[in-house]
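See structure below.
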Amino acid sequence: MELPARFVERLDEQLGAAEAARLRTALDGEPPVSIRLNPSREGGEALLRRLGCRAAVPWCDGGYYLRERPSFTFDAAFHAGAYYVQEASSQFVGRLLPDAAEGLRILDLCAAPGGKTTLYAAKVGPRGLVVANEIDRKRVQVLADNVRKWGTGNVAVTCCDPQRMTGCDGAFDVVAVDAPCSGEGMFRKDDAARAEWSEQNVHRCAARQDAILDAAWRMLRAGGTLLYSTCTFNREEDEGALERLLARVGDEAVEASPVEVPEAWGIVCGRTGVFRTFRFFPHRAEGEGFFAAVARKAEEAPTPRTAVKGRRSVLAPLDRATRGELARWVTEPEAMRFAQAGDTCYGWYAEQADEVRRLSELLPVVYSGVAMGQLFKGCLRPDPALAFFAGLNRGALPAAELTEEEALAYLRKQEVAAERFAQGMNLVCREGRALGFAKRIGGRVNNLYPNALRILKNED
Ligand code: SAM
């Protein structure tokens, strides 16, 4: 499909004819395939060999380019959350976090499907918290699925218009805006992005970005870090959005620490006022078109507090016996807190528990911490999410190790041979990585993989 004519004209004006021509040629090429390993899962090296790793993504620990695109759908390790398929340029945002990222409170304001959320979750560790917000109710479910599968247990997923997130003023150390944009950087990968592009849409996106950035600024604490990114090339949505924000917030915005970017990476570094900016052009850096920027809110910036009357939290305390049963299923029970929402018990690392409770009084929380499961006659029937949790106590139940073929049958929710399973509840594993649960009763195995996640496609 041809590039939109007006896009080509605008690109010539912005970059000059020669640079724009090089970029257009790159947009007709093949996009690289890249993944990011989940650091809480083992066996990364063997996995990379099997997937055909060709090089490391230089700007992201755990990021790798593959020689070609495998069929991720038919790879059990993908379903076990061993890696996330993520475009390489996007992986750069991890470098823009403050140096000591562990324990930070990060708001990922436009988060679905969750590529950057999972990266931030890995960076902040169990003492930190990522609030991953998505405005779209369908997309928020995909985000929650990816968060469960990633298994760090330190993410709260909310579904809110950023304008309505009152009550969170000044609450976050980092606010990341990966803005909805006109998607010019995706033109190589995605014909739909070419078809949907129009100049009016660029203006519409820019106006929406201004509103999102205002909300983001409000929720950033004094001294906190603002990350802004888009996957588009035009100035109006990139440097323009930053200039307009700076005109509104004035000297409340200050520089962030320098970010080391070797020239060989091909990233075009720049400045827009106090913002440090980073541009990824596919003819210069190995990734799709991407723009990222970072600045801080001054320590002395005022934080206006909007008075908000919270709702009653949906989280109910648990009795001692139930807490004891839940404690059996995790490796660090003393580091966790448990409560119930509806009929499901949840666990959070102690450092996040109060914050998630407060959040649940202010915003619609779709998922948070780790869903432990439901209690029947004092025993936990584990939630599928618990299988993925990095803090699951593997000693709590027997593990059934399957072949790749058997694992794919399990993921299709088909029958699996009973011999592999002990009587009662089993953790279903492939190469030691958990995929879910199954219960053997006599000679029958009840496949407990969630219907909504099962593989529906057939292999070619
Ligand atoms: N950060 C995601 C990742 O790394 O996987 C990608 C985010 S995508 C570029 C932008 C997201 O913003 C979309 O999921 C879209 O639904 C959401 N969005 C759309 N309109 C929005 C608005 N007004 N406020 C906040 N988010 C919005």
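Some observations on this one:
- The orientation-averaged shadow of the Cα convex hull for region 31-111, equal to a quarter of the hull surface, comes to 6.3 nm².
- Two numbers describe the Cα atoms of region 77-207: Rg and Dmax, which are 15.4, 44 Å.
- Fraction of C-alpha pairs exceeding 19 angstrom in region 299-375: 41 percent, rounded to a whole number.
- Per residue accessible area in Å² of region 324-460, where ligands, DNA and RNA are left out and the probe is 1.4 Å: 47
- Of the GluC sites (Glu not before Pro) found in region 276-331, those that fall in a DSSP loop while having at most 12 other beta-carbon atoms within 10 Å are Glu299, Glu300.
- Probing with 1.4 Å while keeping every protein chain in the model, the per residue accessible area of region 128-234 equals 32 Å².
- Between Arg412 and Thr73, the modelled label-to-label distance comes to 1.2 nm, taking each label 7 Å out from Cα in the direction of the beta carbon.
- Here's how it looks for Gly436: its modeled amide H is under 5 Å from those of Val428, which are all 5 or more places away or on a different chain.
- Helix-only [θ]222 nm of the chain, DSSP H runs n ≥ 4, -39500 (n - 2.57) each, per residue, nearest 500: -8500 deg cm²/dmol
- Test item: Cα-centred dipole of the chain, Lys/Arg +1 and Asp/Glu -1 on Cβ, debye: 1640
- Of the trypsin sites (Lys or Arg not before Pro) in region 263-361, those whose Cβ has at most 15 other Cβ within 10 Å and which sit in DSSP loop: Arg305, Lys309, Arg311, Arg312, Arg328
- The mean sequence separation of alpha-carbon pairs under 8 Å and at least six residues apart, normalised by the residue count of the chain, gives a relative contact order of 14 percent.
- Note on region 234-363: with charges restricted to the Cβ of Lys and Arg (+1) and Asp and Glu (-1), its dipole about the Cα centre is near 580 debye.
- Taking θ as phi - 60° and the Karplus parameters 6.51, -1.76 and 1.60, the scalar couplings of region 277-285 work out to 10, 9, 10, 10, 9, x, 8, 10, 10 Hz in sequence order, x denoting glycine and proline.
- Its alpha carbons considered, region 154-292 gives a radius of gyration followed by a Dmax of 15.6, 44 Å.
- Both radii are taken from the alpha-carbon atoms of region 137-178; with Rh as the Kirkwood radius, Rg/Rh is 0.99.
- nm² value of the averaged projected area, convex hull over the Cα atoms of region 242-396: 14.4
- P(r), alpha carbons of region 1-137 - 5 Å bins starting at zero, rounded %: 2, 9, 15, 16, 16, 14, 14, 8, 5, 1
- Annotation for region 99-123 versus region 163-195: alpha-carbon center distance of 14 Å.
- D by Stokes-Einstein for region 334-414, Kirkwood Rh over Cα pairs, 20 °C, 1.002 mPa s: 146 µm²/s.
- Amide H contacts of Thr272 (H built 1.01 Å from N, under 5 Å, at least 5 apart or other chain): Thr277
- Using Cβ point charges alone (K and R +1, D and E -1), the dipole size of region 33-93 about the Cα centre works out to roughly 140 debye.
- Between Trp329, Tyr83, Thr158, the Cα set farthest toward the positive side of the dipole of the chain (charges on each charged residue's Cβ, about the Cα centre) is that of Trp329.
- Rolling a 1.4 angstrom probe over the chain with all protein chains present gives an accessible area of which 48% lies on carbon and sulfur atoms.
- For Ala253, distant residues with modelled amide H under 5 Å away: Ala298
- Distance from the alpha carbon centroid of region 326-385 to that of region 388-460 works out to 23 angstrom.
- Percent breakdown of C-alpha pair distances by 20 Å bin, ordered from the shortest bin, for the chain: 24, 54, 21, 1
- Whole-Hz couplings from phi, Karplus 6.51/-1.76/1.60, listed for region 68-82; x for Gly and Pro: 8, 7, x, 7, 4, 4, 9, 10, 4, 4, 5, 6, 8, x, 6
- Remark: region 242-330 is approximated by an ellipsoid whose semi-axes, taken from the C-alpha gyration tensor as √(5λ), come to 42, 26, 12 Å, largest first.
- Ordering Ala21, Pro58, Pro126 by Cα displacement along the dipole of the chain toward the positive end leaves Pro126 in first place; charges were set at the Cβ atoms of Lys, Arg (+1) and Asp, Glu (-1).
- Of the residues Val294, Gln374, Gly310, the one whose Cα sits farthest towards the positive end of the charge dipole of region 293-378 is Gly310 (charges of +1 on Lys and Arg Cβ, -1 on Asp and Glu Cβ, taken about the Cα centre).
The values are calculated or read from the model by the stated rules, or taken from the named source; none is laboratory data. In this text the structure is predicted, and so the values were computed from the model without any measurement. A quick note on method: Cβ atoms are made from the backbone with ideal geometry, for glycine too, and the neighbour counts reach across all protein chains shown. The protein model used for the area step is the full one, side chains on, heavy atoms only, and it has no ligands, DNA or RNA in it. Shrake-Rupley method; radii C 1.70, N 1.55, O 1.52, S 1.80 Å.
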